[in-house]
Amino acid sequence: ATSAWLEVATLHNPIATKRIADNENIDKPLLFDEAFAPFQGIFNDVAEMWVDPGVRDYYAEPMPAVFDAMMASKTTQGSMIWAWSDDIFCVPGRGLEYGRGTTMSHFIDDQYALPGRGLVGDAPWGVVDGWRRRKPEFWATKKLLSPVKMDEHAIDFGRPNRLQVQNQYDFIDLRELNAFWTDGKTVHHVTVSVPPHGTGTIEIPALATATADGVYVGFKDAKGNLVDEFHFPNSVSIRAAPAKDWAPLKVTNESLLAGESTHVIGENFELAFDKGGGYLRSCVCNCQPLLLEVPMVHVLPTRAPLAPFPDRNDWHLGSIDVQPGGDEVVVHLTGHYSDLDGEYSFTIRKDGQVSVHSRFKYSGPEILAREVGLMFSVPRACDVLSWERKAEWGVYPKDQIGRPQGTATAFADHSPGVPPTWPWSDDNTPLGSNDFRSTKRHIVSAAIRYSEGTGILIQSDGKQSLRAIVCPDRIEVNVNDWYGGTNVGWWEWTTNYGQGKTVKSGDILESQLNLRLFPSK
């Protein structure tokens with residue numbers, strides 16, 4: 001409850017837009033005593049953080065709106081973040097005891113492992129870890145609390161642009177900072193005078209030749225430390241290369257001891273569908289195996305983060321229909337899994353595009369789900385992931401798992417041991433490195449490929465999220481239409497993040513996935 005009887009009112013975590021609004025009419029200033037809390041990995045969210053370290057980047061998703069509400073409030077004056085660093089200690093002769101009870105999953109053991117020592121302490125809840133390495137929440141915290149704010153958006157550099165800048169300092173005019181902008185070629189220093197809690201503009205002149213990457217605007221303090229930096233991309237699209245005239249598709253049938261199959265053959269790829277089971281018998285591009293199975297429906301229950309369903313081996317074919325054509329071939333499958341009955345439709349085009357549409361009716365018990373979408377898998381050697389996504393901010397450190405564009409391999413190349421000399425994102429686990437296996441929210445495109453180049457492009461619209469995971473015999477790629485919620489169960493987190501998507505018996509789960517098989521360059 002709000003302690004409004006004190007000279008300065010206080011309120012315990014969480015800070016949320018509704019709680020700020022609910023206290024707007026009290027007659028004294030309010031401080032949240034503990035808020036903006038990162039996920040902590042000591043309650044019921046331990047397994048989900050083991051499966052998906054991207055939860056630490058997901059931390060940022062609701063926070064900009066909460067911070068804006070706090071800044072606009074006449075009553076709420078501030079908050080504190082819990083906590084600065086992991087509360088984990090290496091102690092001789094002890095087991096793995098972090099948390100406030102029996103920890104059913106462990107996800108930080110290796111990064112603290114010392115011979116003859118175990119782990120004790122409260123939680124891996126810091127924005128930096130015990131070695132003072134910056135975790136994903138560090139950058140989110142920095143951006144939220146930055147005293148300089150700009151609305152990053154695409155602009156036309158063929159004409160002058162006036163970019164709005166907001167000063168959230170209490171006492172400093174922005175003229176005391178060193179402001180600059182750069183197009184990647186030349187750094188231009190400018191003077192910007194904006195009073196505390198005021199708004200001003202920075203003018204970027206018209207550029208004769210704007211770079212594809214746009215311009216960056218930054219501010220440094222008198223000691224040369226970077227206060228903040230912002231990215232304004234070029235709104236003018238770069239002209240695409242002329243489309244290639246691909247050879248028409250061919251459809252053939254094959255009968256072997258394993259049974260009958262239908263083969264869809266393009267200029268540099270081939271997909272073979274098993275007629276008896278509706279399985280993808282093989283998928284080859286540029287002589288490299290790619291898809292190991294038909295992309296299939298995927299649901300990850302919030303309360304069972306180690307048990308996604310359905311099981312790929314639980315598929316029972318109802319019917320298969322192949323509609324051949326020179327420019328595209330449509331393969332339609334009906335069938336069911338336990339608690340799921342429906343259909344897949346695959347549209348295969350001559351340029352290697354494979355559009356997958358699924359529609360399934362759920363008949364199981366009501367659940368909460370953290371992920372709902374489609375999943376496909378590739379060979380273990382196809383282990384390079386790249387992505388482009390709509391991020392909360394335009395500028396990130398090059399090793400931050402939530403950066404707008406990036407590339408990561410399944411396992412980072414470094415020697416084991418402590419203290420670690422590599423960034424947090426390069427910590428390896430059996431499921432892959434933190435960078436590789438963390439969810440990339442709001443993807444525009446992504447690719448999973450071999451090191452020599454052949455792979456699968458995922459084309460999206462910024463509404464889907466992607467999570468890759470290394471399995472014993474393959475790499476799974478989950479492309480989710482729904483991603484969110486937490487199993488922590490405490491209102492400090494469920495207030496801002498919810499508990500997932502409710503899936504009831506009778507609900508229709510429908511997804512669209514757009515892939516393209518591409519050869520190496």
Among the candidates Val418, Val444, single out the residue that is among the aliphatic types (A, V, I, L, M), out of contact with any helix residue (DSSP H, G or I) (no Cβ under 8 Å at 6 or more places or on another chain) and surrounded by fewer than 19 Cβ atoms within 10 Å (Cβ to Cβ).
Val444
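Which members of the range 62-71 meet the condition of being in contact (Cβ under 8 Å) with a residue 24 or more places away in the chain and either among the charged types (D, E, K, R) or outside any loop (DSSP other than H, G, I, E, B) (or both)?
Of everything in the range 62-71, those that are in contact (Cβ under 8 Å) with a residue 24 or more places away in the chain and either among the charged types (D, E, K, R) or outside any loop (DSSP other than H, G, I, E, B) (or both) turn out to be Met63, Pro64, Ala65, Val66, Phe67, Ala69, Met70, Met71.
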Answer with yes or no whether Ala83 is part of a loop (DSSP other than H, G, I, E, B) and small (Gly, Ala, Ser).
yes
Matching residues in the range 447-462 - criterion: being closer than 21 Å to Asn286 by Cα and either touching a Gly at 6+ places or on another chain (Cβ under 9 Å) or buried (at least 18 other Cβ atoms within 10 Å of the Cβ) (or both):
Ala447, Ile448, Arg449, Tyr450, Thr454, Gly455, Ile456, Leu457, Ile458
Give the residues of the range 476-513 that are within 30 Å of Leu11 (Cβ to Cβ), assigned to a strand (DSSP E or B) and of a type outside the set (Lys, Arg), sorted by residue number.
Tyr483, Thr502
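For the range 428-441, does any single residue satisfy the condition of being at positive phi and small (Gly, Ala, Ser)?
Of the range 428-441, the ones at positive phi are 432.
Narrowing further to those that are small (Gly, Ala, Ser): 432.
Yes - at least one qualifying residue is present in the range 428-441.
Tell me, yes or no, whether the range 129-142 has at least one residue that is acidic (Asp, Glu), open to solvent by 20 Å² or more (accessible area, probe 1.4 Å) and part of a loop (DSSP other than H, G, I, E, B).
Taking every residue of the range 129-142 in turn, none turns out to be acidic (Asp, Glu), open to solvent by 20 Å² or more (accessible area, probe 1.4 Å) and part of a loop (DSSP other than H, G, I, E, B).
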Taking the condition out of contact with any helix residue (DSSP H, G or I) (no Cβ under 7 Å at 6 or more places or on another chain) and either part of a loop (DSSP other than H, G, I, E, B) or open to solvent by 40 Å² or more (accessible area, probe 1.4 Å) (or both), does Gly224 pass?
yes
Could you tell me whether any residue of the range 297-309 is part of a loop (DSSP other than H, G, I, E, B), touching a His at 6+ places or on another chain (Cβ under 7 Å) and open to solvent by 40 Å² or more (accessible area, probe 1.4 Å)?
yes
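Of all residues in the range 476-521 being open to solvent by 40 Å² or more (accessible area, probe 1.4 Å) and among the β-branched types (Val, Ile, Thr), which is nearest to Asp57 (Cα to Cα)? Spell out how you get there, then give the answer.
Pass one, the range 476-521, residues open to solvent by 40 Å² or more (accessible area, probe 1.4 Å): 481-482, 489-491, 495, 499, 501-502, 504-505, 507-508, 510, 512, 514, 516, 521.
Those still in the list that are among the β-branched types (Val, Ile, Thr) too: 495, 502, 508.
Numbers: Thr495: 17, Thr502: 23, Ile508: 30 Å.
So the residue we want is Thr495.
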Conditions (1) assigned to a loop (DSSP other than H, G, I, E, B); (2) at positive phi; (3) touching a residue at least 40 places away in the same chain (Cβ under 8 Å); number of the one not met by Gly417:
(3)
Of the residues in the range 387-414, how many are outside any strand (DSSP E or B), within 21 Å of Glu229 (Cβ to Cβ) and not acidic (Asp, Glu)?
13
Just checking, how many residues over the range 110-128 are out of contact with any Asp or Glu (no Cβ under 8 Å at 6 or more places or on another chain), at negative phi and open to solvent by 40 Å² or more (accessible area, probe 1.4 Å)?
4
Selected residue [open to solvent by 10 Å² or more (accessible area, probe 1.4 Å), at pLDDT 95 or above and among the hydrophobic types (A, V, I, L, M, F, W, C)] from Leu374, Leu385, Leu368:
Leu368
Taking Asp473 as meeting all but one of (1) part of a loop (DSSP other than H, G, I, E, B); (2) open to solvent by 30 Å² or more (accessible area, probe 1.4 Å); (3) over 29 Å from Arg359 (Cα atoms), write down the number of the exception.
(3)
Could you look through the range 294-332, keep only residues that are touching a Lys or Arg at 6+ places or on another chain (Cβ under 6 Å) and among the charged types (D, E, K, R), and pick out the one that is modelled with the highest pLDDT?
Glu328
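Residues checked against (1) more than 15 Å from the chain's Cα centre (by Cα); (2) of a type in the set (Lys, Arg); (3) at pLDDT 95 or above:
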| site | (1), (2), (3) |
| --- | --- |
| Gly455 | yes, no, yes |
| Ile458 | no, no, yes |
| Ser465 | no, no, yes |
| Ile469 | no, no, yes |
| Asp473 | yes, no, yes |
| Glu476 | yes, no, yes |
| Gly485 | no, no, yes |
| Trp491 | yes, no, no |
| Thr502 | yes, no, yes |
The condition of being closer than 15 Å to Trp387 by Cα, open to solvent by less than 20 Å² (accessible area, probe 1.4 Å) and touching a Pro at 6+ places or on another chain (Cβ under 6 Å) holds, among Ser438, Ser465, only for Ser438
Kindly evaluate Gly121 against the criterion of being modelled with pLDDT of 95 or more and either within 29 Å of Ala391 (Cα to Cα) or touching a strand residue (DSSP E or B) at 6+ places or on another chain (Cβ under 7 Å) (or both).
no
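Let me confirm something: among Val354, Val331, which residue is assigned to a strand (DSSP E or B), within 18 Å of Asn268 (Cα to Cα) and open to solvent by less than 50 Å² (accessible area, probe 1.4 Å)?
Selected residue: Val354, the only one of Val354, Val331 that is assigned to a strand (DSSP E or B), within 18 Å of Asn268 (Cα to Cα) and open to solvent by less than 50 Å² (accessible area, probe 1.4 Å).
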For Arg239, indicate whether it is assigned to a loop (DSSP other than H, G, I, E, B) and either among the basic types (Lys, Arg) or at pLDDT 95 or above (or both).
yes
Would you check which residues across the range 53-96 are of a type in the set (Ser, Thr, Tyr), out of contact with any strand residue (DSSP E or B) (no Cβ under 7 Å at 6 or more places or on another chain) and under 28 Å from Ala410 (Cβ atoms) and list them?
Tyr59
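The values are calculated or read from the model by the stated rules, or taken from the named source; none is laboratory data. Given the structure is predicted, the values throughout are model-derived calculations rather than measurements. FYI the Cβ positions are ideal-geometry reconstructions off the backbone, even for glycines, and counts take in every protein chain you see. To get the accessible areas, we keep the full protein, side chains included, count just its heavy atoms, and leave off ligands, DNA and RNA. Shrake-Rupley method; radii C 1.70, N 1.55, O 1.52, S 1.80 Å.
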